[in-house]
Amino acid sequence: MRLLISRLTSHKKPLKKSSILPGIIILLIPGFLKIVHSENQSKGVHYAKSQRLLEINHAHLQLMESLLDEGRKHNIFKPDIDPLQVNINIAALGGYYLINQHTLGLVYPVRRKTPSFRAGI
């Protein structure tokens, strides 16, 4: 994640970090993932009632699309990248770290509180 942000902000005409981070950070907040997990257990009953959630997700996809468009202009991204798939992949990666935060250090030779491990998030 940090490598992606670094690459996008270090180009000749860099993207502003402020335009990238809001759309990504929400996917990495532990409380957000807990809410999503709980909602999945209840088969989306509350999400289905929320117009605001649709608006937020639409805005989030537009943000990702504009990020990808800007990256395409600078030949950073391929032309056929789907913003929805990028969002799903970011959520999956962030979720993996958060869901497994207590066991990663037990099954892999990593120390999850070290700066080098945290840099991978």
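The values are calculated or read from the model by the stated rules, or taken from the named source; none is laboratory data. As the structure is a prediction and not an experimental result, all values here were calculated from the model. Every residue, glycine among them, receives a Cβ derived from its backbone with ideal geometry; neighbour counts consider all protein chains shown.
If we keep just the residues of the range 54-63 that are exposed (fewer than 14 other Cβ atoms within 10 Å of the Cβ) and among the aliphatic types (A, V, I, L, M), which is farthest from the chain's Cα centre (by Cα)? Step by step, filter the range 54-63, then rank; the result is Leu54.
Restricting Ser38, Ser42, Ser66, Ser50 to residues that are modelled with pLDDT of 80 or more and surrounded by 14 or more Cβ atoms within 10 Å (Cβ to Cβ) narrows the list to Ser66.
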